[in-house]
Amino acid sequence: MTGRHPRSLLQITDLDEAGFLRLLDAAVLLKLQKSAGVEVPLLQGKDIALVFEKSSTRTRCAFEVAAHDQGASVTYLGPEGSHIGREESIRDTARVLGRMFDGIEFRGFAQETVEELADHAGVPVWNGLTDQWHPTQALADVMTMREFHPGPLQDISFCFVGDVHNNVARSLLVTGALLGMDVRLAGPKALWPAPEVVQTAHRLAEVSGARILLTEDVTAAVEGAAFVHTDVWVSMGEPQESWDERVPLLTPYRVTADLLRATGRADTRFMHCLPSVHDTRTELGRRVQQRFGLEGAEVSDEVFESSSSIVFDQAENRLHTIKALLVDALGQ
């Protein structure tokens, strides 16, 4: 029961362009079927393990609802809910879960962990987020951009601003390169993606015709962009002291109404994978305000709550794209 299953999704490059588009088309159909109340469950009798080293709202709920809608059952193993990585090795856990479940989702810290799970489980393994990649988020992001932009994907221009070395930014960079899109990343050079990630993107762009820009000049990067993405400035698992370093570096890349106007387009949409520090309604938001004098961090509340913001459409599409992923891997 060991060996990496061909239907595993651990990083963006596990998909080719045709495979990515097939999942998007399936997600669109599944979304329509759910809305119309005519969805046909294709995963009856399937059992899925959800292994979480990190807490989650969207990823956990999307996998659970997707599985239930399709007739599958799920078992949630939270940070304290199993022996994984402490009393039992990843390899041994993978071999146990692979004997009991038809598929495994993993959300955690190290990319190496999900890779090792996939190497030894013998069933499909899906990366729900690691320090390096967030492939299910990229699927939802492209689905959302396609919903709000008529015409081919190759005509879509999008810009990620802020911490462009994080898992969401690098996933969007490689995804856009794979699909032939106009991809811009703007952030301080100290927080650029690793050279090997940029090289992968350029290699894919040579085939797809994608346009890639990596710059510190945020104004140049957003010019003409149909979508502006950002993410939190400090991720789960990083020390709180990182805020002292990141805020001075990233404040020039904060998404404000002025930055959206700099695109030169009235129809530019704002996107964020969530959760977001955009006001003082959370403990973290209040700490940021008290420590740095910012009302919100990576995005202003004005933008987040504006008609330009499509963050909740984006969040909903996590469900439909993850459902498409499950059905593609396990469907009868």
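Laboratory data are not the source of any read-out in this text; all were calculated from the coordinates shown. If you're wondering where the values come from, they're calculated on a predicted model, not measured in any experiment. Every residue, glycine among them, receives a Cβ derived from its backbone with ideal geometry; neighbour counts consider all protein chains shown.
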The chain: most fluctuating residue of 314, 137, 111 per GNM, C-alpha cutoff 10 Å: 111
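Just want to confirm a number: the relative contact order over the chain, from Cα pairs under 8 angstrom separated by 6+ residues, in percent. Mind showing how you got there, number by number?
Numbers: 660 pairs, mean separation 66.6, N = 332.
For the chain, the relative contact order is 20 percent.
Assuming a ≥ b ≥ c are the square roots of the Cα gyration tensor eigenvalues, decide whether region 256-324 counts as rounded (a/c under 1.5), prolate (otherwise, with a/b larger than b/c) or oblate.
Numbers: a/c = 3.16, a/b = 1.25, b/c = 2.52.
In terms of gyration-tensor shape, oblate.
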Expressed as an acute angle from 0 to 90° and rounded to the nearest 10, what is the orientation of the C-alpha long axis of helix 111-121 relative to the principal long axis of the chain? 20
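Which shape class, rounded, prolate or oblate, goes with region 149-309 when its Cα gyration tensor gives a ≥ b ≥ c as root eigenvalues, a/c under 1.5 marks rounded, and past that a/b bigger than b/c marks prolate?
Values: a/c = 2.18, a/b = 1.42, b/c = 1.53.
Since a/c reaches 1.5 but b/c is at least a/b, the shape of region 149-309 is classed as oblate.
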Residues meeting the amide H criterion for residue 125 (H placed from the backbone, H to H distance under 5 Å, 5 or more places apart or on another chain) are 5, 8, 9, 104
Starting from 0 in steps of 5 Å, tell me what percent of the Cα-Cα pairs of region 18-72 lands in each bin. 4, 16, 21, 23, 22, 11, 2, 0
How about residue 323: which lysines have a C-alpha closer than 16 Å to its C-alpha, ignoring those fewer than 8 places off in the same chain? 31, 34, 46
Just grab the label-to-label distance for residue 291 and residue 217, each label 7 Å out from Cα along the Cβ direction, in nm (one decimal). 3.3
Pairs of Cα atoms farther than 32 Å apart, the chain, %: 28
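With +1 on each Lys and Arg Cβ and -1 on each Asp and Glu Cβ, how big is the dipole of the chain about its Cα centre, in debye rounded to the nearest 20? It would help to have the intermediate numbers written out before the result.
Numbers: 31 positive and 47 negative charges, 82 e Å.
Approximately 400 debye in magnitude.
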How would 153, 43 line up from fewest to most surrounding beta-carbon atoms within 10 angstrom? 153, 43
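Compare the peptides 188-194, 70-76 by average per-residue count of other Cβ atoms within 10 angstrom and give them in order, highest first.
Averaged packing, sorted descending, gives the order 70-76, 188-194.
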Looking only at Cα atoms, what is the convex hull volume of region 182-229 per residue, in Å³? 74
Nitroxide proxy distance, nm - points 7 Å out along Cα→Cβ at residue 112 and residue 281: 4.1
